[in-house]
Each structure stands twice: as structure tokens, then as C-alpha cells.
1. Shape verdict for region 16-125, please, from the Cα gyration tensor: rounded (a/c under 1.5), prolate (a/b greater than b/c) or oblate.
2. How large is the helix-only mean residue ellipticity at 222 nm for the chain, computed as the sum of -39500 (n - 2.57) over DSSP H runs with n ≥ 4, divided by its residue count, in deg cm²/dmol to the nearest 500?
3. Which order do Arg182, Arg30 take by accessible area at a 1.4 Å probe, largest first?
4. Leaving out ligands and nucleic acids, and using a 1.4 Å probe, what accessible area per residue does the chain come to in Å²?
5. For the chain, give the percent of accessible area contributed by carbon and sulfur heavy atoms, probe 1.4 Å, rounded to a whole number.
6. Ranked from the most accessible area to the least, with a 1.4 Å probe and all protein chains present, what is the order of Ser308, Ser222?
7. Tell me, how many Å apart are the Cα centres for region 244-297 and for region 179-212?
8. Considering only protein heavy atoms, what is the solvent-accessible area of Glu156 at a probe of 1.4 Å, reported in Å² to the nearest 10?
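The values are calculated or read from the model by the stated rules, or taken from the named source; none is laboratory data. Just so it is clear, the model here is predicted, and its values are computed rather than measured. Don't worry about glycine lacking a Cβ; one is built from the backbone with ideal geometry, like all the others, and counts go over all protein chains shown. When the accessible area is computed, the model is the full protein with side chains, heavy atoms only, and any ligands, DNA or RNA have been set aside. Shrake-Rupley method; radii C 1.70, N 1.55, O 1.52, S 1.80 Å.
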Amino acid sequence: ETLKGLLKMRSPLPQAVNKFKEHFPQSENRPILLAVIHVQSIEQSIRNIERAIRAGMDGVFLINHGFHFARLLEYVAQITPQFPNLWIGVNLLSASAFEAFQYIPLDYGIRGVWADDANIDEMAFDQPYPRRVLNIIRDRQPQAVNKFKEHFPQSENRPILLAVIHVQSIEQSIRNIERAIRAGMDGVFLINHGFHFARLLEYVAQITPQFPNLWIGVNLLSASAFEAFQYIPLDYGIRGVWADDANIDEMAFDQPYPRRVLNIIRDRQFNGLYFGGVAFKYQRQVSPLQYSKVAQIAKNYMDVITTSGEATGVPRTIFFLIDLNLKKKS
């Protein structure tokens, strides 16, 4: 009985999903050959990659040679775009397995990570370190499927129009929703106006049943993105959450807060859309030189990049929207 109790208490072993054949379908018929290149410079790396391709290699591993792995990642960012169809992995010497998966940028085209020591303990009952590594691999996986077209199939043919209603009461909200429907809106966002978001959720519980076929989302003012997904009830008919600040850091290697938000969306199995604020009014401003970069990062963590003018009533210019490249998101 004691042994049974211990087995129940221990952390479950992670499920190992082997993706090797997805990356190398040719492995069904033959061995896979990967060249190992000790990087000295970008030019030297490109020459050796070209040699590897001519020699029939299936891919290459790039390894930092005599310098910190941070510089290798800088090199990789410039190398991978030149070989978009080539499998390129990295071995970050001096980084542990956990650190490697913690630091590699997800948008650098890196298709594999090799760590010299996976810290497997064949004599141990549990494998805490390997499980920690698997957890960060899972946690850093961005949302793979954008659900916007599932919610709005009509978006294939035209823009989607969502009315924003600042809620004051249930009756006032219903009147404005009916006006939005008559005006041809595709849905509405309900925002708490001058009161705590907990009361907004109470109102939403009474409003959504009256419009079962209407797309209704919420913006819980004063709640962070994480708190919004933490508190919204899943049975209230809420089909989307808008947060003014998605906390995308365009200057960082890693995105711990956006990843934390994605984790709670996944853990709670919320099937609605996430509208994440980027370069949004009254939040931390983004340099114009970084608009494209912040959008490229943000698209991995939300369904719809959501932005605004610098203040209420101040629209953005068309040049801003082009730089942010919003059309790829909606």
C-alpha cells in the first residue's frame, strides 16, 4: 500500500513525442546524415553549409567555437534565411539543455537543438531535470493554429467589424448590441466602464444567452492578460478576450509573460480568440524601427494583433499599419 501511495504521489513521466520522421520523412528508407560545423564566422559557416549540401547532407548542426553561444545565435539569425529549405540545428556549447531551450529565439529558423548532456539518471526513480527540459520545450511552443477564420469564416471575403460597447448596465448593453446587429456588425466587445470587471462578468452571464448566435468578447479593464484568462468563466459564452497589453518585448530573446498567457489559455482549454495589445495607447511604446519585429514576435502568441492610436481619438497612420504588417493577422 505504501508503494502504491508513492506511485500516485510521484510526478507523471512526460509523454515523449518523437518528431524525427516529421523532420526527416526520408528516414523511412535510409540513414540521415547531418554535418557538424564548428562556427568561426558567418562567411566560413556559409561556405561549409554549401559544401555539406553538395555532399548530400540532410542538414547541419552549427556549434559555437571559442566564443559565447549568444554570438552563435546572432550568426544563426543571419545564416538561416539564406538556406530556408535546409534543416539547421544548433549546439550551444557551455549552455545546459534547459538553458539552450530557454534562450533560442523561436523565429530564427532553428529546427533542432543538440545538448551534450541530457542528465538522464538511469538509477533514479524520477527524472526531474529531463522533465524540466521537456516542460520548457512544451511551454515555449507558440500557438500553432490561428483560430480567427474558424470564428469568422466570412473574413475570407471582407474585413470583420466588431463594435466596442462600454457597459453601464445590462439594459444599456442589450440596446447597444441590438443597434450593432442592425448596423451589420460581426460581433461586439463588452468593456467594464467605471466598475470592477467582476461585475462585467456577472452582466455577461445574463447578456450572452439572449444572443446565442452573436460573437461576444470581453475586455476586462484593470485585469492583466493572464488575469483575464484566469478569471473568465468558460460557460458564459465568451468567444474572445481583448487585453490592452500583451507584454511583448521586442528586444528580448525570450517572452516569458506571453508564454505564460498562452499556457493558461491552453490549460483552461479556452477556444475563443485572443486579441493582444501591441503598441497600444497608454502602454509601453514601441520604437517605429521595431514595429515589424514586434509584430513578428506577437503573431506567435495571439490570434489577433490589436493596436491603437497614441491616444483616444488619435488614429494611426497607414504607414504604421504597413510597418506593423497587421494584414497578415486579420
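1. On the way: a/c = 1.83, a/b = 1.14, b/c = 1.61.
In terms of gyration-tensor shape, oblate.
2. Working: 13 runs with 117 residues, N = 330.
The helix-only estimate for the chain comes to -10000 deg cm²/dmol at 222 nm.
3. On the way: Arg182 175, Arg30 100 Å².
Largest accessible area first, the list is Arg182, Arg30.
4. Values: 18610 Å² over 330 residues.
Accessible surface, normalised per residue, equals 56 Å².
5. Details: 9940 of 18610 Å².
Summing carbon and sulfur atoms, their accessible area is 53 percent of the total for the chain.
6. Working: Ser308 20, Ser222 100 Å².
Largest accessible area first, the list is Ser222, Ser308.
7. So the two Cα centres are separated by 24 Å.
8. Surface accessible to solvent at Glu156 totals approximately 120 Å².
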